[in-house]
Amino acid sequence: MNRRKLFFIALVVLLVCQLGFAQMNASRVITKVQTTGKPAPVLPAALAKGPMHPTIWLSNKLGAKGKLVAGEPSFCDYNTGYQIAVCAKGVQTAYGTNFPGANKGAGMVIAIVDFFSYSLAWNNLHQFDLDMGLPDPTFYSIDVSGGNDGTGTGWDLESMLDIEYAHSMAPLATIVYVQGNPYSYGTDEESIAALGCPASPSCATLGVTQTFPGGDVVSNSWTFNAGEIPSLDPYWNLGKPLLFASGDGSAWPYYSVTGYPCTSVYATCVGGTSLYLNPNLTRNAEYGWAGAGGGCSNNFAIPSWQGNVGSGVCSPNRAAPDIAAIADPNTPVAVWICNYAWGCYYYGVGGTSVATPVNSGLVADIDAARVSFGKAKLASFAPPLYPAATYNYNYYFFDVVSGYNGFYAGPQYDLITGLGVPTGKDLGSRFFGLP
């Protein structure tokens, strides 16, 4: 029996185990966090070795809807006099979404890919919008999960994080939420899900009958456990910005710190930071998060666009990540979820799963601005970022110079935050002339 057949057999066994324990996961993680007072990964070690895992940490239970202060729940941003959790206004202000032409991402489509189905996503998003003072978006839920319910597994919390914070960054963008088949491995469901599953004969064969727009940017807050798989790379060549989480590699010693597909030459790889706000919600400080994945690819050569902007640390191979944003569960974002497994609460959530939708929403804002100024939508995101860094590094990026994830953050490019954190208002307003 060849190696690939053995892998698929192991894959099915792991998934059956994952499904069997899924409903225990939510209560177990909540109990662990409350007992220890420390953040915990949402998928426990015994279950996390399935083919795809979310890159998400739970830090604390923030509370039910309750009292609003300054238009947001009382635990948001600086509403209580100090930072408990970052919310919609916090990410918008800290990362500068209000720039000419952005118009809150209007006219753009963000496709969000997760695994296992979650039928309550819209209900939860609507409540989040009421609490955060956001408009409800045009929303499509596309289920190609094969009927595998993800409630309580962690994929439901992952889904709400992805949807709520891509939406927070680009409140008027359309959201296409695609729930991929957890038994898929790089073919059919995955490749179609990554495309936003626009109506096509291949989608029809999966039982998808509704029509909806394909994503202008595709957000993926997950990674494979099996390391880099070069044979899958053609699936990620979408001709549109494709963002992947770098993974929480330093915190999971059995994961590769260079999470895949994040190291694909077709992906923009997103690392993680710890973000501290001022009372006016601007950035006070931002450091590289110790748990963020990053490092040198084992299989992919350095792409021509990555150039020599510090990424020669991995030469002749690709370096990851490319950019970063808030991810530390000790500086969490507030995520609303309501179902029988988690109850109806806001939770403090971290992981590079936060950084990825935050940057995906920023891409939607940039695309909206490009269109408003008569430019074409972006066909990719990472490739034009590196020449921007060459042109004027500290104008386009906040350079994260401290932090350690097994590699040290430092001036300009590093293997924990990449180029750094995109400066939305500057990068967005100046991106129109770039390819």
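No value in this document is a laboratory result; all are computed from the given coordinates. Predicted model only: the values in this text are computed from it and were never measured.
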Debye intensity ratio I(q)/I(0), log10, the range 260-320, q values 0.13 Å⁻¹ (C-alpha model): -0.44
Whole-number Å³ per residue for the convex hull built on Cα positions in the range 281-380: 194 Å³
Alpha-carbon radius of gyration plus Dmax, which is the widest Cα pair, for the range 313-435 in Å: 16.6, 51
Ratio of the Cα radius of gyration of the range 84-129 to 2.2 N^0.38 Å, where N counts its residues: 1.47
Descending Cα extents along the principal axes, the range 66-176, whole Å: 45, 34, 19
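Going down the list K240/K375; K375/K425; K65/K89; K38/K425, which pairs span over 25 Å between their C-alpha atoms?
Too far apart for the 25 Å limit: K38/K425.
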